[in-house]
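Accompanying notes for the structure given below.
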Amino acid sequence: MATQLTWLGHGTWSIATGGVHVLVDPFLDDSPTAPIKSGDVQADYILVSHGHFDHVADAAKIANRTGATVVSNFEICEWLAKQGVKKTEPMNLGGSIALPWGKVKLTLAHHSSVLPDGTPGGNPSGFLLSLPEGKVYLACDTGLFYDMKLIGEEGLALAVLPIGDRFTMGPDDALRAAKLLGAKRVVASHYGTWPPIAQDAAAWAARVEAEMKSKVDVLEPGGKIIL
Ligand code: NI
Ligand code: MN
């Protein structure tokens, strides 16, 4: 079956691929826009990009219920292990691991990463996933950086970019990011959760499509992309 990505609001994505569910940055129970609660979400793997509450909030809960393997930086894996998480795949920036459903590379992100209890959360990251239909880049929380060009050189089927502004790139820099990345498809993330990061995703999509060949998906929380 084709890989499907479902936007669960904010920076949370569920990727169904190769018979597994990969959950990215689970923030469900306290998210005003999540279409599903943490007790109902499926997960075989959980990817955590950095230590902020709106990315790590439900990770331990879901991993402990489902037995999912957490993939994150070393510091966040250690922190989650102390909360009972049994299976982790610790990594650091630039490193890749091969999992049964595809390769995961931890990419740069210009952001911060302190965990909710004040524990240092290592370096923030994005993810580059090698899936059967091609490579998917999730920028996660980051500002614009020119090395996105290097990520784009790998050839991207899809780029998932924050557009919320204030804590991450806003629409203008996300458009520049889309140009550096040159992905076949682009979708916006990390906006609309609260008023300070409200954005018009349809207007942004129209700008990207007017300036590049990429197809831009505009989703509501719960909406899907089929690769
Ligand atoms: Ni953050
Ligand atoms: Mn965030």
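Here are the numbers:
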item	result
Quotient of Cα Rg and 2.2 N^0.38 Å for the chain, N being how many residues it contains	0.92
Coil-residue chymotrypsin sites (Phe, Trp or Tyr not before Pro) of region 91-163, DSSP, other Cβ within 10 Å capped at 14	Y146
For the chain, the longest site-free run once trypsin sites (Lys or Arg not before Pro) in DSSP loop states with at most 12 other Cβ atoms within 10 Å are removed	87-165
Integer Hz, Karplus 6.51/-1.76/1.60 couplings in order for region 78-85, x for Gly and Pro	4, 5, 6, 4, 5, 9, x, 5
Distant-in-sequence amide H partners of T88 (H built 1.01 Å from N, under 5 Å)	V70
Within a Gaussian network of the chain (alpha carbon springs, distance under 10 Å), most fluctuating of T193, T119, T12	T119
Alpha carbon centroid spacing (whole Å) that separates region 92-121 from region 5-39	17 Å
With Cα atoms, 0 to 90° folded angle of helix 171-181 axis to the chain main axis	90 degrees
Cα-based reach from K213 at 30 Å (exclusive), listing lysines while leaving out same-chain residues under 8 positions away	K103, K105, K135, K149, K179, K184, K224
Interchain or long-range residues, amide H under 5 Å from T142's placed H	M169
Beta bridges per DSSP with both ends in region 4-219, % antiparallel, nearest 5	55 percent
Per residue value of the accessible surface for the chain (all protein chains in place, 1.4 Å probe), Å²	41 Å²
The chain, accessible surface, carbon-and-sulfur percent (1.4 angstrom probe)	53 percent
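The values are calculated or read from the model by the stated rules, or taken from the named source; none is laboratory data. Source: prediction; values computed, not measured. Here the Cβ is made from the backbone with ideal geometry for all residues, glycine too, and neighbour counts use every protein chain on show. Please note that ligands, DNA and RNA were not included when accessible areas were found on the heavy atoms of the full protein model with its side chains. Shrake-Rupley method; radii C 1.70, N 1.55, O 1.52, S 1.80 Å.
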